[in-house]
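S.K.: One structure is given below, represented as structure tokens, and several questions about it will come after.
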Amino acid sequence: MPKKRNEIEQKYKWAIEDIYENDKIWEEDFKRMSKLLPSLGEYKTKFTKDVESLFSAFKVFEEAQKLGERLFVYARMKRDENSANSLYQGMTDRALSLNIQMSSALSFISPELLKKEEAELLGFLEDHEGLRDEYDFTIKNLIRRKPHVLSEKEEKLLSMSSEFASGAKSIFTMLNNADMKFGTIDADGEEKELSHATYIGFMQDKNRQTRKNAYEKLYTKYRDNINTIAATYSTSIKKDVFYANSREFSSALESSLHSDNVPKELYDNLISVVHENLSTMYDYIKLRKKVLKIDDLGMHDVYAPLVPDAKGEYSIEKSKEMVKTALEPLGKDYASLLDLSYEERWIDVFENEGKLSGAYSWGTYGIHPFVLLNHRGDLDSVYTLAHELGHAMHTYYANETQPYSKSEYTIFVAEVASTVNEILLTKYLLKTEKDMEKRKYILNHYIDQFKGTVLRQTMFAEFEKISHSMQENGEPLTAESLSEKYLELNKLYYGPEMDSDEKIAAEWARIPHFYNAFYVYKYATGFSCAIAIANAIESEGSPAVDRYKDFLRSGGSDYPLELLKKAGVDLRSGEPVKDCMAEFKRAVDEFSKLF
């Protein structure tokens, strides 16, 4: 039974008072923000009249955004301490509503700026040092997007359509999370409830029949609803294609990649390189058959544990020391920041009654980042600590170096720093751990990252490309056609050693990421970049560390591919993905030798 929050020592709870000392001060800022909102619209007709007006207005807009962010982050984090606390549920809702109002109030900024000629906007940057230092990327990115920005009237129409355009995702979410019930299964001789939350646990059960029961029951339910889900997904795809066509992109894929300024060739190259290296995945599946002693390995066996959990107690104090030692290659300043995160209570460590599950790193500009954990004292918890501190340090370096307007990094690079930390921890553990069973566990954990983050997400990315192309080419998007394409991909990615299974053809129907199109490939590219950076740090030392920290400090000051170049990673070349797949092969080969 989890402890109540007031039973946990203060040193293990985050110092959320660093954002607001108490709720009364939050309420005062909420009132201040509420009074500020009506005045923002007054800038619409005057903020672009000259360079000084533009810079002054940008600073006002920025202060409003920072205040709105601070209000929401505090309320949401307080809610996450105990989701049953109705006070902070209400404060979170109020802060969210206020931020939505602010977003609406400031919606005139881009359209008004785009009424100006490119030369005039660039001239503003040349004439004003403050504008150039803080908002050059904002303005240059706006100019880049201009060919795909429509008239004010057309933009308003598209904006008005956004609520019902998200309907397919909303319907799927309700069907998937609320209406679909999976019943119970026979699990090791007991009747147990099958749900989204319990499914992965059943799939990791040592009892093969339990795994099979859960697998077949789950996918039978999806197949029973496959036509409805095909209708929601095809509607979501049509929405993507409609918006891409409206903005005169050649495809939905090009439209999605445009925001990060990523060429379509990079997406295609990721898929090609993974295809060229699928033999490693096939070797891994063959090894899985050998270790599990299963000749007819099926999809219900892909999560069955190959090695037992790593035994040992990993207190939070021990975990901190392990992470700090593993990250010593990143230098003394990085180590000092790790110490600071512990001393200044950036981290909320233990589970308590009502606390949000899982882990995250979050915060607000001008205040140190925070980390939420639910530390369980196992090796996975050590990895989680390393991962979330990677996010926190990326945020810290970016916020310390960049102005607010250029501090926030995009999703494309968001998982790089966290994954670098995990990889450095793995490399440290493999160098120091002598216990054979623990070495097996560490290598298995490492391989699972490649398998789940690179191989699986690339397969999803390829399916998204195929399904959108079908719509763009006038091919029918039906339950049968989508399932057929997915089954072909599943056979390709898992290879001849995996028994063919028609049920897995319906797996596409349970993936919520597909309703946020062309997103999942970023997991694969981000992991590939992290491998490249960690390997460079291991082989080069200080020069690679300096490049990496330059990347961390850059925040969101440039496009993702340009930021990664600062770390010495050129994704356009395709080499990072090739090197990632080579590392995957090395890990599988080493793992194989232990059996």
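The values are calculated or read from the model by the stated rules, or taken from the named source; none is laboratory data. Values in this document were obtained by computation on a predicted structure and should not be read as measured data. Cβ sites come from the backbone with ideal geometry, for glycine too, and all protein chains shown count toward neighbours.
S.K.: Do you know which residues across region 396-413 are touching a Ser or Thr at 6+ places or on another chain (Cβ under 7 Å) and either free of Cβ contacts under 8 Å to residues at least 24 places away in the same chain or closer than 19 Å to Leu338 by Cβ (or both)? Reasoning before the result, please.
M.R.: Narrowing region 396-413 to residues touching a Ser or Thr at 6+ places or on another chain (Cβ under 7 Å): 398-399, 402, 405-406.
Within region 396-413, Ala398, Asn399 meet the criteria.
S.K.: Follow-up question, since we're still on this one. If we keep just the residues of region 73-89 that are surrounded by 20 or more Cβ atoms within 10 Å (Cβ to Cβ) and farther than 20 Å from Pro2 by Cα, which is farthest from the chain's Cα centre (by Cα)?
M.R.: Across region 73-89, the extreme among qualifying residues is Tyr88.
S.K.: Any residue in region 193-206 that's modelled with pLDDT of 95 or more: show its pairings with residues that are surrounded by fewer than 19 Cβ atoms within 10 Å (Cβ to Cβ) and in a helix (DSSP H, G or I) at Cβ separation under 6 Å, as long as the two are six or more apart or on different chains.
M.R.: Leu194/Lys217
S.K.: Here's something else I'd like to know. For region 388-411, which positions are surrounded by fewer than 24 Cβ atoms within 10 Å (Cβ to Cβ), touching an Asp or Glu at 6+ places or on another chain (Cβ under 8 Å) and either under 30 Å from Lys440 (Cβ atoms) or not polar (S, T, N, Q) (or both)?
M.R.: Ala398, Pro403, Tyr404, Lys406 - these are the residues of region 388-411 that are surrounded by fewer than 24 Cβ atoms within 10 Å (Cβ to Cβ), touching an Asp or Glu at 6+ places or on another chain (Cβ under 8 Å) and either under 30 Å from Lys440 (Cβ atoms) or not polar (S, T, N, Q) (or both).
S.K.: Additional query: What pairs come out if I take residues in region 440-458 that are farther than 18 Å from Ser418 by Cα and pair them with residues that are buried (at least 18 other Cβ atoms within 10 Å of the Cβ) and of a type in the set (Val, Ile, Thr) whose C-beta lies under 8 Å away, six or more apart or interchain?
M.R.: Every condition considered, the pairs that remain are Lys440/Val307; Tyr441/Val307; Asn444/Val307; Leu455/Val274; Thr458/Val274.
S.K.: Say we look at region 43-72 and pick out the residues that are polar (S, T, N, Q) and over 26 Å from the mean Cα position of the chain (by Cα); which of these is modelled with the lowest pLDDT?
M.R.: Among those residues, the one meeting the criterion is Thr45.
S.K.: Which of the helices (runs of 4 or more DSSP H) found entirely inside region 252-332 contain at least 1 residues meeting this: among the β-branched types (Val, Ile, Thr) and out of contact with any helix residue (DSSP H, G or I) (no Cβ under 9 Å at 6 or more places or on another chain)?
M.R.: Numbers: elements: 252-258, 264-276, 278-292, 316-326.
Ranges flagged: 278-292.
Okay, residues lined up against (1) in contact with a His (Cβ under 6 Å, 6 or more places away or on another chain); (2) surrounded by fewer than 21 Cβ atoms within 10 Å (Cβ to Cβ); (3) farther than 30 Å from Val545 by Cα; (4) free of Cβ contacts under 8 Å to residues at least 40 places away in the same chain:
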{"site": "Glu415", "(1), (2), (3), (4)": "no, no, no, no"}
{"site": "Ile423", "(1), (2), (3), (4)": "no, no, no, no"}
{"site": "Met436", "(1), (2), (3), (4)": "no, yes, yes, no"}
{"site": "Ala461", "(1), (2), (3), (4)": "no, no, yes, no"}
{"site": "His468", "(1), (2), (3), (4)": "no, no, yes, no"}
{"site": "Asn473", "(1), (2), (3), (4)": "no, yes, yes, yes"}
{"site": "Thr478", "(1), (2), (3), (4)": "no, yes, yes, no"}
{"site": "Lys485", "(1), (2), (3), (4)": "no, yes, yes, yes"}
{"site": "Met498", "(1), (2), (3), (4)": "no, no, yes, no"}
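S.K.: Identify the single condition in (1) over 24 Å from Ile442 (Cα atoms); (2) touching a residue at least 40 places away in the same chain (Cβ under 8 Å) that Val323 does not satisfy, given that it satisfies every other one.
M.R.: Only one criterion in (1) over 24 Å from Ile442 (Cα atoms); (2) touching a residue at least 40 places away in the same chain (Cβ under 8 Å) is unmet by Val323, namely (1).
S.K.: With the requirement that a residue be hydroxyl-bearing (Ser, Thr, Tyr) and touching a Ser or Thr at 6+ places or on another chain (Cβ under 9 Å), what does region 448-480 give you?
M.R.: Thr453, Ser467, Ser469, Thr478, listed by residue number.
S.K.: Would you mind stating whether Arg553 is in contact with a helix residue (DSSP H, G or I) (Cβ under 9 Å, 6 or more places away or on another chain), more than 14 Å from Asp283 (Cβ to Cβ), surrounded by fewer than 17 Cβ atoms within 10 Å (Cβ to Cβ) and among the basic types (Lys, Arg)?
M.R.: It is false that Arg553 is in contact with a helix residue (DSSP H, G or I) (Cβ under 9 Å, 6 or more places away or on another chain), more than 14 Å from Asp283 (Cβ to Cβ), surrounded by fewer than 17 Cβ atoms within 10 Å (Cβ to Cβ) and among the basic types (Lys, Arg).
S.K.: Related question: Within region 162-179, can one find any residue that is surrounded by fewer than 16 Cβ atoms within 10 Å (Cβ to Cβ), farther than 30 Å from Lys465 by Cβ and acidic (Asp, Glu)?
M.R.: No, every residue in region 162-179 fails to be surrounded by fewer than 16 Cβ atoms within 10 Å (Cβ to Cβ), farther than 30 Å from Lys465 by Cβ and acidic (Asp, Glu).
S.K.: Could you please find all residues in region 115-161 being surrounded by 13 or more Cβ atoms within 10 Å (Cβ to Cβ) and within 17 Å of Phe242 (Cα to Cα)?
M.R.: Within region 115-161, His148, Val149, Leu150, Glu155, Lys156, Leu158, Ser161 meet the criteria.
S.K.: A further question follows. Looking only at region 1-59, count every residue that is surrounded by 11 or more Cβ atoms within 10 Å (Cβ to Cβ), in contact (Cβ under 8 Å) with a residue 24 or more places away in the chain and farther than 27 Å from Leu131 by Cβ and tell me the total.
M.R.: Total meeting the criteria: 19.
S.K.: Which residues, taken from region 99-136, are of a type in the set (Gly, Ala, Ser) and under 21 Å from Glu408 (Cα atoms)?
M.R.: Of everything in region 99-136, those that are of a type in the set (Gly, Ala, Ser) and under 21 Å from Glu408 (Cα atoms) turn out to be Ser103, Ser104, Ser107, Ser110, Gly130.
S.K.: Within the set of pairs 6 or more residues apart or between chains, which connect a residue that is among the aliphatic types (A, V, I, L, M) inside region 349-364 to a residue that is part of a loop (DSSP other than H, G, I, E, B) with Cβ atoms less than 6 Å apart?
M.R.: As it stands, the answer is Val349/Leu373; Val349/His375; Ala359/Leu373, since those pairs meet every condition given.
S.K.: Please go through region 143-184 and give me each residue that is among the hydrophobic types (A, V, I, L, M, F, W, C), modelled with pLDDT of 85 or more and farther than 22 Å from His196 by Cβ, ordered by number.
M.R.: Hits for region 143-184 are Ile143, Val149, Leu150, Leu157, Leu158, Ala165.
S.K.: Please list, ordered by first then second residue, the pairs with beta carbon atoms under 7 Å, 6 or more apart or interchain, first in region 176-190 and farther than 15 Å from Thr228 by Cβ, second exposed (fewer than 11 other Cβ atoms within 10 Å of the Cβ).
M.R.: From region 176-190, the pairs are Thr184/Glu191.
S.K.: What number goes with the only condition from (1) closer than 30 Å to Lys238 by Cα; (2) buried (at least 23 other Cβ atoms within 10 Å of the Cβ); (3) within 22 Å of the chain's Cα centre (by Cα) that Ile533 does not pass?
M.R.: (1)
S.K.: Considering only region 88-113, state which residues are in contact (Cβ under 8 Å) with a residue 24 or more places away in the chain, of a type outside the set (Gly, Ala, Ser) and part of a helix (DSSP H, G or I).
M.R.: Met91, Arg94, Leu96, Leu98, Asn99, Gln101, Met102, Ile109, Pro111, Glu112, Leu113, listed by residue number.
S.K.: Take the residues in region 362-395 that are within 18 Å of the chain's Cα centre (by Cα) and of a type in the set (Phe, Trp, Tyr); name whichever of them is farthest from Met77 (Cα to Cα).
M.R.: Tyr383
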